[in-house]
Structures are given as C-alpha cells and as structure tokens.
Amino acid sequence: MRRHDLVWLDHQAPWQVLTTGAEARLRAWAEARLPFVVARRDPASDGDQLRLGVPLPLAEQRQRLSLRIEACHVLRTTPPPALADVIEGLAAPWRDEVRLLLADTSALDVPPRVFGSFAWQSLTGLPYLQATSDLDLLWEVADHVQADRLATRMQRWERDHRLRIDGELRFPGERAVSWREYASGATRVMVKTSDACWLSPRDALLSLQAVA
C-alpha cells in the first residue's frame with residue numbers, strides 16, 4: 001500500500017488512535033464503510049504498521065484524524081479514484097473545467113488519479129469542496145520525458161483556466177514530487193515515499209539509490 005491509497009477497515013479493528021478524542025468518530029467512520037487514506041508513516045514510531053488518515057468534511061472544519069494499524073486488518077484497498085470517474089458527481093463549474101482538463105491531457109497517455117477534496121466528496125457524498133478548492137492530482141510517470149510533458153501542459157493549463165491544479169508526479173520506486181516544484185526547474189526537489197521524505201537532486205529521481 002502506497003501514499004494516497006484508500007483502505008477500508010472493520011469498525012471493531014484493533015487500531016491505535018493518534019488524534020486525541022477521535023476514537024468514537026473514527027469508529028463511526030469505519031462503521032459507515034467509508035475509506036481511510038494511507039499516509040506517510042514514520043518507521044521510528046510506527047514500525048511496520050500503517051499510518052492512516054481521515055480528513056473530515058467542511059461541516060467538521062476539515063479536521064484531520066489519524067491512526068496506526070497492522071496491515072493484516074485491512075479489509076480491502078484501492079488506488080485513489082481516476083479523475084474520469086469523479087466528473088459526473090461534480091457541480092457544473094468544476095465538472096466543465098475537469099472535462100476540459102481531461103481532454104487537454106488525453107494525448108499524454110498518463111491518466112491522472114485524484115486525491116484531496118475532489119476525491120473525498122466523490123467517495124463519501126459529503127461536502128468537501130468550496131470555491132477556493134484546488135484539484136489534487138497524482139500522475140504515475142515512467143521517466144523525465146513524461147514528467148516534463150505533464151509539467152509543461154499543467155503550466156499552460158493554469159495560464160488559461162481558473163481551476164488551480166496541485167498534486168504530484170510519482171516516479172518509479174514510489175518517489176513522488178510536487179509537479180509545481182518539478183516544473184520550476186529546481187535542481188533539487190522534495191521527494192516523498194510511504195516512509196520517508198528527503199531533498200533529492202532532480203537527476204537522482206530515477207536512480208536506484210535514494211539520496212537522503
């Protein structure tokens with residue numbers, strides 16, 4: 001399981017709550033059969049356990065809850081939803097913009113997945129989106145050629161459209177970088193994996209040896 005993956009848990013699963021006072025809300029969330037999201041874990045404190053999160057909707061001030069749990073208690077898991085799968089549930093202004101974005105990037109052959117508020121509203125049916133919400137996307141890229149093309153296309157998109165795009169380019173080895181930071185041409189970029197975060201030379205993103 002990787003960062004941004006979704007998991008479902010039994011509401012009686014033996015977990016350790018990491019957010020003070022959140023036990024009852026987390027149990028209710030699991031009982032409603034709503035997903036949790038895989039977050040970056042800290043090997044020093046989490047060991048081999050998963051670190052999972054729940055971002056609550058607008059009515060609950062978007063509070064973020066977290067827990068840790070053994071992976072054997074996960075009932076099922078999926079990647080974050082494909083952007084194409086959440087379109088129909090969006091209100092008209094966002095739906096029209098997202099359709100344009102998918103059409104604009106279709107030739108790149110890197111279908112984006114979505115996380116953040118757009119994903120959570122689609123997954124739960126609860127209100128997460130507001131006028132200032134960004135669209136958070138995840139692209140799986142094989143090399144710098146794909147990454148460069150996507151970054152260039154996203155820069156052009158933001159010059160011509162109102163919808164702000166945030167998100168990550170995920171290279172092989174689960175090395176994710178902000179598309180915006182990558183597009184800046186920075187020689188060193190912040191890399192995130194499921195259990196680490198480090199500043200890496202841009203040219204090392206495809207190397208086998210992580211540069212911490």
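Over the chain, dividing the summed -39,500 (n - 2.57) contributions of all DSSP H runs of at least 4 residues by the number of residues returns a 222 nm mean residue ellipticity of -8000 deg cm²/dmol.
Hey, got a sec? Which trypsin sites (Lys or Arg not before Pro) in the stretch 15-68 land in a DSSP loop and have at most 11 other Cβ atoms within 10 Å?
Passing both the DSSP loop test and the Cβ count: Arg33.
State the extension gain, in nm to one decimal, for the chain segment bounded by Ser207 and Glu158, taking 0.36 nm per residue of separation less the distance between their alpha-carbons.
Details: separation 49, 0.36 × 49 = 17.64 nm, distance 3.06 nm.
Separation in residues times 0.36 nm, less the Cα-Cα distance, equals 14.6 nm.
Rounded to the nearest 0.05, the FRET efficiency derived from the C-beta distance between Thr78 and Val145 at R0 = 35 Å is 0.80. For the stretch 90-193, just say rounded, prolate or oblate: build the C-alpha gyration tensor, square-root its eigenvalues into a ≥ b ≥ c, call rounded for a/c under 1.5, and beyond that prolate if a/b exceeds b/c, oblate if not. Prolate is the answer for the stretch 90-193, as a/c is 1.5 or above and a/b outweighs b/c.
Summing +1 for each Lys or Arg and -1 for each Asp or Glu among the other residues whose beta-carbon sits under 13 angstrom from that of His144 gives 0. Rg of the Cα atoms in the stretch 1-115, relative to 2.2 N^0.38 Å, amounts to 1.23. For the stretch 20-63 versus the stretch 73-131, the inter-centroid distance based on Cα atoms is 21 Å. Per-atom-type breakdown for the chain gives carbon and sulfur 50% of the accessible area (1.4 Å probe, protein chains only).
Averaged per residue, what accessible surface does the stretch 1-121 expose to a 1.4 Å probe, in Å²? Each step should come with its number before you reach the end.
Numbers: 6170 Å² over 121 residues.
Ligands and nucleic acids excluded, the figure is 51 Å² per residue.
Packing order of peptides 18-24, 98-104, highest average first: 98-104, 18-24 (average count of other Cβ atoms within 10 Å over each peptide's residues). Extension gain, Trp198 to Thr19, is 61.9 nm, computed as 0.36 nm per intervening residue step minus the present C-alpha separation. Charged neighbours of Glu181, selected by a Cβ distance under 12 Å, balance to +2 (K, R count +1; D, E count -1). With coordinates expressed along the principal axes, the C-alpha atoms belonging to the chain extend over 47, 46, 26 Å, beginning with the largest.
The values are calculated or read from the model by the stated rules, or taken from the named source; none is laboratory data. This is a predicted model, so every value here is computed, not measured. Cβ atoms come from the backbone with ideal geometry, glycine included; neighbour counts cover every protein chain shown. The accessibility values were calculated without ligands, DNA or RNA, using every heavy atom of the protein model including side chains. Shrake-Rupley method; radii C 1.70, N 1.55, O 1.52, S 1.80 Å.
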